[in-house]
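Take a look at the structure set out below.
The values are calculated or read from the model by the stated rules, or taken from the named source; none is laboratory data. Note that this is a predicted model, so its numbers are computed, not measured. Cβ coordinates were reconstructed from backbone atoms using ideal geometry, including for glycine residues, and neighbour counts include every protein chain displayed. We work out accessible area using only protein heavy atoms, side chains counted, and drop any ligands, DNA or RNA first. Shrake-Rupley method; radii C 1.70, N 1.55, O 1.52, S 1.80 Å.
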Amino acid sequence: EGVDVVGSLAPKYEAEVKSQIPGLIINVYVTEWVRVSKNDPLARIDLSETGALVNKAGASVESAKAGYLQAQVAARRAEREKARMQKLREFGLATQQNYDDADSEAAAANAGAEAARAQISVSEGELRSLQARLSKGMILSPMDGIVSLRDVNVGDLASDTGAAKTLFKIVDNGIL
């Protein structure tokens, strides 16, 4: 015998996929009811502007590295001048003022080298941040499953996660 019931089947696991960043959708790679694997591309957002910023940040890192090398050379030169003044002072050929000036110049040059090294870290951090943003331009499947909803087309404007509409819904209908 059996019991007739009316109901709906729902998947145990499902994911609503939204965009992490705003932008114009330039490619959609899947349609509804196709099987996808985890990390398969679903759509791509145009981030050509961010790509240009990544290139600019990369150049900024290289420029900061060159500035650091120049600052190191200046610091070594100032240290040599300080050592020379120390020897001249020992022989009475330089005044304490000359030595103090060389010492101050060496300290300033070393501080400049440290500032240049810090600028490298700042530039590299900005580059990593932009690269992370660039990687978010590809919308990937968060799980294995089937695309049960595709609510995006080429030319649509995706908004960021906070106010974003669901672009795709991925379901795993292995367990209902």
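Listing for the model above:
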item	result
Of the criteria (1) out of contact with any helix residue (DSSP H, G or I) (no Cβ under 9 Å at 6 or more places or on another chain); (2) in a helix (DSSP H, G or I), which one Leu24 fails	(2)
Single residue of the range 6-20 satisfying the filter (modelled with pLDDT under 90 and of a type in the set (A, V, I, L, M)) that is surrounded by the fewest Cβ atoms within 10 Å (Cβ to Cβ)	Leu9
One residue from Leu88, Leu42, Leu24, Leu53 being at pLDDT below 95 and within 30 Å of Asp144 (Cβ to Cβ)	Leu24
Residues of the range 115-142 that turn out to be under 22 Å from Lys65 (Cβ atoms), over 8 Å from the mean Cα position of the chain (by Cα) and among the hydroxyl-bearing types (Ser, Thr, Tyr), as a count	2
Residue tally, condition under 30 Å from Asn55 (Cα atoms), open to solvent by 70 Å² or more (accessible area, probe 1.4 Å) and touching a residue at least 12 places away in the same chain (Cβ under 8 Å), over the range 68-113	1
Criterion violated by Ser63 - all others in (1) touching a helix residue (DSSP H, G or I) at 6+ places or on another chain (Cβ under 7 Å); (2) open to solvent by 70 Å² or more (accessible area, probe 1.4 Å) satisfied	(1)
Of all residues in the range 28-67 being over 20 Å from the mean Cα position of the chain (by Cα) and without any contact (Cβ under 8 Å) to a residue 24 or more places away in the chain, the one that is farthest from Ala111 (Cα to Cα)	Tyr29
Residue among Thr95, Thr50, Thr31 that is of a type in the set (Ser, Thr, Tyr) and over 30 Å from Met143 (Cα atoms)	Thr95
For Leu47: the one exception among (1) open to solvent by less than 80 Å² (accessible area, probe 1.4 Å); (2) at pLDDT 95 or above; (3) hydrophobic (A, V, I, L, M, F, W, C)	(2)
In the range 119-176, the residues that are open to solvent by less than 40 Å² (accessible area, probe 1.4 Å) and either farther than 18 Å from Gly23 by Cβ or among the charged types (D, E, K, R) (or both)	Ile120, Ser123, Gly125, Leu127, Ser141, Met143, Gly145, Ile146, Val147, Ser148, Ile170, Val171
Close pairs (6 angstrom Cβ cut-off, 6 or more residues apart or separate chains): at positive phi and without any contact (Cβ under 8 Å) to a residue 40 or more places away in the chain in the range 137-159, among the hydroxyl-bearing types (Ser, Thr, Tyr) and in a loop (DSSP other than H, G, I, E, B) anywhere	none
